[in-house]
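First the structure, in the form of C-alpha cells, and then the observations on it.
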Amino acid sequence: MKSLSRRVLDTRIRGGKLSLCCRTALIFAFNYTGDRFAFACCLMDDMKSSDLDRSTVETAYARWAPIYDAVCGPVMVKGRRAAAAAARAIGGKILEVGVGTGLSFDDYDFSTEITGIDLSAPMLAKAREKIASGRYPFVKDVQLMDAHRMAFADATFDCVVAQFVITLVANPEQVLSECHRVVKPGGRIILVNHLYSEKGVAAAVERWAAQRTRALGLRPEFPFARLQAWAQTSNDAILVERRKVAPFGIYTLVCFERVVPSAA
Ligand SMILES: C[S@@+](CC[C@H](N)C(=O)[O-])C[C@H]1O[C@@H](n2cnc3c(N)ncnc32)[C@H](O)[C@@H]1O
C-alpha cells in the first residue's frame, strides 16, 4: 500500500499537463465478494479521517479538479448512473450534494431541475463550464456551499442525492440531517458510495487498510450501520432501499425517505 501510494503521490507532470502532485492518492483495492472479485477505486485524501475539515477538502479537490473527470469518470460511472436513475424516478427539484465537476449532469433530463452544491471552487468551475456548454438546460444552478450548513429553506427539494460524498465529510450524521431538513416530506435522500464490506476477505482487507492508512485519511471501514443508526435516531426518516450496484457490487446505493406526517 505504501509503495503504491508513493508511486501515485510522486506522479507529477508539469507545464499544464497532468498534475497529481501531492498527498492525495487514488487507491485501488481488490475486493472479494463471495463469488466474484471486483477492482475498486477509491478517491481518498491525505489526512487523518478526523481531520476531514473544510480546508483539507478544499485543498485536496483543488488538486483533483483538472484531472477528476478523466480519472474518476469511468471508474464511478455505474454508481453515479444508479443514483441518478433513482432520483429521476422521483423527479422534480433535485439537490446534488458534492456535485463536483458535474459528471452526473449527463444522467439527468427534463423531468428534473438540478441544483448542485460543493465545497470546492475549482471543482465547481468545471461544473460551470459544463453548464455553459448549453447541454444541460435542466441544471438550474451550482453554488459554493458546505453540506453541513446549507443555505436552503426547509423542504425545498423533492430529492437529495450525494454521490461518493458521505464518507468524505467531517460529520456524516450532520450532513444527513441537513439533507433531511431540505428534502420535502415524502422526498428521498439517495446515497451511493463504497461502504465497508462487513464480512469475508474484503472486510478483513478493509480493516487492515483502515489501521494502516489513517495518515492518508482513508475510511475503507465506513459502515452501512452508521447510516442506519442515523435513520434510527430520526423520527421521520426511514430506510427504503439498500442495494449493491451492478456489475461488481463495489458500490452501495442507500435510500432514505422523509415520511409524510400523519394527519391525526
Ligand atoms: C469524490 S467527489 C464526488 C463528486 C461527484 N459527486 C461525482 O460523483 O463525481 C466528492 C466531492 O464532495 C465535495 N465535498 C466534500 N465535502 C463536502 C462538504 N462538506 N460540502 C459540500 N461538498 C463537499 C468535494 O469537494 C468533492 O467535489
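Read the figures in this text as sums done on the coordinates, not as results from a lab. Note that the coordinates shown come from a computational prediction; the quantities given were computed from them, not determined experimentally.
Before moving on, here are some points about what is shown:
- With 24 Å as the limit on Cα-Cα distance, the pairs of Lys78/Lys130; Lys93/Lys244; Lys130/Lys244; Lys93/Lys126; Lys78/Lys126 that go past it are Lys93/Lys244; Lys130/Lys244.
- Three-way shape call for the stretch 56-142 based on the alpha-carbon gyration tensor, with the a/c threshold at 1.5: prolate
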